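A.B. asks: Can you read through this structure? Questions will come right after.
The values are calculated or read from the model by the stated rules, or taken from the named source; none is laboratory data. Fair warning: this is a prediction, and the values are worked out from it, not measured in the lab. Glycine also receives a Cβ, built like all others from the backbone with ideal geometry; neighbour counts cover every protein chain displayed.
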Ligand code: URA
């Protein structure tokens, strides 16, 4: 898949397999998602720019580093994005958060915005947009359209599972956006669920099955 980075790690594979199991209850599902999001966040943040920083240890002066520029922004696509955002915020507590809420109009199926809140100066930030499931790509594409309209330029998309159909749609709509995922599954079924997938991520995070 062009432009897609598969974060391939034994710990992620092990934890993700437990998440996929249908009997895994919401508290364990949430905890594993949080752990995986920190492992994914480690990879996603690998190329963040640094500046030199003169510091003093208890022993001597030395030069260290700090993250350059404005704080990054983590955008959660509601509601399942919340499950992925929490671990990232634990990893990078100084990050700002944005939220995008969209629902699908039952008549013409286009994405309707019901909530949008973002920090200022998006054009100067590294913006990480998160949603656990990249299925058809429709909501991710609509969210990215909205986030770009708000000014964001440097954008990466992070998910837990991606379907080939969603990756293709994203690459076509937003070729400038790098996708990171923990797994690329086989396909979508007739209800647009990822196969084998893990079911409805929002329901499994929040116990609304
Ligand atoms: N959203 C989900 O939560 N699960 C899927 O399989 C597809 C979209």
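A.B. asks: Would region 47-57 turn up any residue that is under 18 Å from the mean Cα position of the chain (by Cα), surrounded by fewer than 15 Cβ atoms within 10 Å (Cβ to Cβ) and not in a helix (DSSP H, G or I)?
C.D. replies: Yes, region 47-57 has at least one match.
A.B. asks: I've got another one for you. How many of the residues in region 129-142 are within 14 Å of the ligand (Cβ to nearest atom) and under 12 Å from the mean Cα position of the chain (by Cα)?
C.D. replies: Counting residues in region 129-142 that are within 14 Å of the ligand (Cβ to nearest atom) and under 12 Å from the mean Cα position of the chain (by Cα) gives 6.
A.B. asks: Does residue 32 fit the bill of being more than 30 Å from residue 112 (Cβ to Cβ) and touching a helix residue (DSSP H, G or I) at 6+ places or on another chain (Cβ under 6 Å)?
C.D. replies: Details: more than 30 Å from residue 112 (Cβ to Cβ): yes; touching a helix residue (DSSP H, G or I) at 6+ places or on another chain (Cβ under 6 Å): yes.
Yes, satisfied.
A.B. asks: Another question, if that's okay. Select from region 119-156 the residues that are on the phi > 0 side of the Ramachandran plot and either crowded, with 17+ Cβ neighbours inside 10 Å or modelled with pLDDT under 95 (or both) and list them in ascending order. Let's see the steps before the verdict.
C.D. replies: The first filter runs over region 119-156 and keeps only residues on the phi > 0 side of the Ramachandran plot, leaving 121, 137, 151.
Within region 119-156, just 137 meets the criteria.
A.B. asks: Tell me, please, whether a residue that is in contact (Cβ under 8 Å) with a residue 12 or more places away in the chain, closer than 15 Å to residue 127 by Cβ and exposed (fewer than 11 other Cβ atoms within 10 Å of the Cβ) can be found in region 16-26.
C.D. replies: Among the residues of region 16-26, not one is in contact (Cβ under 8 Å) with a residue 12 or more places away in the chain, closer than 15 Å to residue 127 by Cβ and exposed (fewer than 11 other Cβ atoms within 10 Å of the Cβ), which makes the answer no.
A.B. asks: I've got another one for you. Please name all residue pairs, on different chains or six or more residues apart, with Cβ atoms under 7 Å, provided the first residue is in region 182-209 and is closer than 18 Å to residue 18 by Cβ and modelled with pLDDT of 95 or more and the second residue is within 8 Å of the ligand (Cβ to nearest atom) and part of a loop (DSSP other than H, G, I, E, B).
C.D. replies: Every condition considered, the pairs that remain are 185/163; 185/197; 194/135; 194/163; 201/80; 201/132; 204/198; 205/80.
Each row is one residue, and each column tells you yes or no for (1) closer than 25 Å to residue 30 by Cα; (2) assigned to a strand (DSSP E or B); (3) in contact (Cβ under 8 Å) with a residue 60 or more places away in the chain.
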position: 74; (1), (2), (3): yes, yes, no
position: 84; (1), (2), (3): yes, no, yes
position: 93; (1), (2), (3): yes, no, no
position: 103; (1), (2), (3): yes, yes, no
position: 127; (1), (2), (3): yes, yes, no
position: 136; (1), (2), (3): yes, no, no
position: 140; (1), (2), (3): yes, no, yes
position: 159; (1), (2), (3): yes, yes, yes
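A.B. asks: Here is a further query. Just the residues that are crowded, with 16+ Cβ neighbours inside 10 Å and more than 8 Å from the ligand (Cβ to nearest atom), please, taken from region 180-203.
C.D. replies: Hits for region 180-203 are 180, 181, 182, 183, 184, 185.
A.B. asks: Identify the residue in region 157-179 that is away from the ligand (no atom under 16 Å from the Cβ) and buried (at least 20 other Cβ atoms within 10 Å of the Cβ) and, among all such residues, is farthest from residue 6 (Cα to Cα).
C.D. replies: Just the residues of region 157-179 that are away from the ligand (no atom under 16 Å from the Cβ), to begin with: 171-178.
Going one step further and asking which of them are buried (at least 20 other Cβ atoms within 10 Å of the Cβ), we end up with 174, 177.
Details: 174: 18, 177: 14 Å.
By that ranking, first place goes to 174.
A.B. asks: Just to be sure before I move on: is residue 145 in a loop (DSSP other than H, G, I, E, B) and either out of contact with any strand residue (DSSP E or B) (no Cβ under 8 Å at 6 or more places or on another chain) or within 10 Å of the ligand (Cβ to nearest atom) (or both) in the structure I sent?
C.D. replies: Considered against the rule, which asks whether it is in a loop (DSSP other than H, G, I, E, B) and either out of contact with any strand residue (DSSP E or B) (no Cβ under 8 Å at 6 or more places or on another chain) or within 10 Å of the ligand (Cβ to nearest atom) (or both), residue 145 comes out as no.
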